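Data block below; observations after.
The values are calculated or read from the model by the stated rules, or taken from the named source; none is laboratory data. This is a predicted model, so every value here is computed, not measured. Neighbour counts are summed over all protein chains in view; Cβ atoms, including those assigned to glycine, are modelled from backbone coordinates with ideal geometry. The protein model used for the area step is the full one, side chains on, heavy atoms only, and it has no ligands, DNA or RNA in it. Shrake-Rupley method; radii C 1.70, N 1.55, O 1.52, S 1.80 Å.
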Amino acid sequence: MEPFFEVRYVASHALIAENARKYGVGPRPGTVVFVCVSFLAVLLFSLGMGILSKVLPMLALFAAMEVFLFFLPHIYAGSVLRNVKRQNRGIQPETVVSFGERIELQEGVVSLSIEYTQIIRAAHLKHSYKLWFAKRSSILLDPNCFTKGSFEEFKQFLREKCPNVTIPD
């Protein structure tokens, strides 16, 4: 049967890094604020007590950890793209997601088929759309790459197929 909607895209570094920063690896905003406040508190305390030279290595470690956490989603995205290329003989494959009677995903050697009833959550990020079908498993979509149907029509279709899931605008 012909799918109602189809999305075709090649996963980019920015798409994977955005997803990783929001839902995977990397610092959450609360963590960033906590580390920055802790850093400033230790810095001010050590300046006030005159022991800055003794805590300087710890402050340098704090700063290095924060820089590493900031770049971790980009490191992760690069690793994911390298692994996908390695699995597909050096080629970055096109991801094709079809929405018909079932959701069908094909990305190189990976193939997946799920029912709409398995969708438990949906989220709209800045440059992508994400559908979870398990706690740690999801399908990532590029809303600008619909080859069949439009993104707005797709969201309405998803609301009808998944009435128990809140579909963000």
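Here are 161, 148, 130: which of them is closer than 17 Å to residue 24 by Cβ and among the basic types (Lys, Arg)? So that I can check it myself, show each step before the final result.
Details: 161 fails: closer than 17 Å to residue 24 by Cβ; 148 fails: closer than 17 Å to residue 24 by Cβ.
Exactly one of 161, 148, 130 is closer than 17 Å to residue 24 by Cβ and among the basic types (Lys, Arg), namely 130.
Take residue 126 and tell me if it is of a type in the set (D, E, K, R), free of Cβ contacts under 8 Å to residues at least 60 places away in the same chain and within 25 Å of residue 14 (Cα to Cα). If you could, list the steps in order and put the result at the bottom.
On the way: of a type in the set (D, E, K, R): yes; free of Cβ contacts under 8 Å to residues at least 60 places away in the same chain: no; within 25 Å of residue 14 (Cα to Cα): yes.
So residue 126 fails the test.
From (1) in a loop (DSSP other than H, G, I, E, B); (2) under 24 Å from residue 152 (Cβ atoms); (3) open to solvent by 80 Å² or more (accessible area, probe 1.4 Å), pick out the condition that doesn't hold for residue 8.
Failed condition: (1).
If you go through the stretch 9-67 one residue at a time, how many are modelled with pLDDT under 80, hydroxyl-bearing (Ser, Thr, Tyr) and farther than 23 Å from residue 151 by Cβ?
Looking only at that region, the number is 2.
Among the residues of the stretch 58-87, which ones are over 30 Å from residue 106 (Cα atoms) and open to solvent by less than 90 Å² (accessible area, probe 1.4 Å)?
Matches in the stretch 58-87: 58, 59, 60, 62, 63, 64, 65, 66, 67, 69.
For residue 84, indicate whether it is modelled with pLDDT under 85, in a helix (DSSP H, G or I) and among the β-branched types (Val, Ile, Thr).
no
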